[in-house]
């Protein structure tokens with residue numbers, strides 16, 4: 001894993017994070033198509049987020065699992081674990097949110113085609129929960145037209161409780 | 001990350017230390033299947049020292065649960081922290097698995 005670009009005063013080597021100064025931090029990672037690097041990459045990114053005061057388990061659950069899903073999808077379904085292909089991760093970190101774009105070199109996929117894994121008839125399927133989890137855990141998820149890049153946003157705070165209609 | 005296997009009161013107990021994710025799920029699967037193949041029928045997977053689980057890890061648990069049941073065995077999960085409970089509830093897998101609050105509770109129910 002190598003960090004290719006850092007662009008902010010907040011990205012100085014002490015690793016103090018982003019956001020505290022009000023200045024967003026942006027950096028890029030390029031990862032090999034290897035499932036064994038995912039855990040380390042997620043741990044690295046979590047470490048970079050330490051300065052952002054995420055609510056509750058937004059960092060430990062939402063970010064870690066969502067990030068892991070995006071990387072696994074890129075390596076397995078995008079690049080087909082081809083060692084000649086890499087996964088590009090662009091990160092923008094500010095005091096209020098983290099924005100991540102994960103791009104693979106594959107032909108892309110249609111996220112609309114993934115069946116709902118929480119339906120009773122799908123509960124015992126071993127696969128099919130990755131995209132569902134990414135959408136459930138992140139505040140915003142979008143794909144490029146080709147379907148080989150997913151961009152997601154995780155806000156620092158939990159969304160406000162929705163009021164019941166009519167209130 | 002690692003999977004430690006031990007036997008307590010006729011139950012195969014697997015401790016998941018670290019993450020259960022796409023990079024190591026096959027290791028857990030193989031360990032449990034080896035025990036099943038060797039004739040063991042009662043299993044407990046303990047998540048007391050687990051950080052996070054991804055969809056591949058959940059998939060392996062679903063798959064193992066099915067295989068154990070097909071062989072007339074039983075699987076319990078124990079010690080899920082708040083994040084893991086949320087994950088199981090989100091995916092509705094809390095309805096599929098028998099989840100105990102503690103290892104003792106799980107062992108007593110087997």
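The values are calculated or read from the model by the stated rules, or taken from the named source; none is laboratory data. What you are looking at is a predicted structure, and each value in this text was computed from that prediction instead of being measured. Backbone-built Cβ (ideal geometry, glycine too); neighbour counts: all protein chains shown.
For the reader, a short list of remarks on this structure follows.
- Condition met for residue B:12 (at pLDDT 95 or above, within 30 Å of residue A:80 (Cβ to Cβ) and surrounded by 14 or more Cβ atoms within 10 Å (Cβ to Cβ)): no
- Selection within the stretch B:75-96: residues that are buried (at least 16 other Cβ atoms within 10 Å of the Cβ) and over 21 Å from residue A:60 (Cα atoms). The member of this set that is farthest from the other protein chains (Cβ to nearest Cβ) is B:76.
- Of the residues in the stretch B:25-42, at least one is within 19 Å of residue A:61 (Cβ to Cβ) and more than 9 Å from every other protein chain (Cβ to nearest Cβ).
- Scanning the stretch A:42-53 for residues that are surrounded by 20 or more Cβ atoms within 10 Å (Cβ to Cβ) and within 11 Å of chain B (Cβ to nearest Cβ) gives a single hit, A:42.
- Leading residue by the ranking (surrounded by the fewest Cβ atoms within 10 Å (Cβ to Cβ)) among those in the stretch B:43-56 that are more than 9 Å from every other protein chain (Cβ to nearest Cβ) and in contact with a strand residue (DSSP E or B) (Cβ under 6 Å, 6 or more places away or on another chain): B:49
- Just so you know, in the stretch A:99-134 the residues that are touching a helix residue (DSSP H, G or I) at 6+ places or on another chain (Cβ under 8 Å), assigned to a helix (DSSP H, G or I) and within 12 Å of another protein chain (Cβ to nearest Cβ) include one that is surrounded by the fewest Cβ atoms within 10 Å (Cβ to Cβ), and it is A:132.
- Any hit, the stretch A:80-88, residues being touching a helix residue (DSSP H, G or I) at 6+ places or on another chain (Cβ under 6 Å) and in a strand (DSSP E or B): yes
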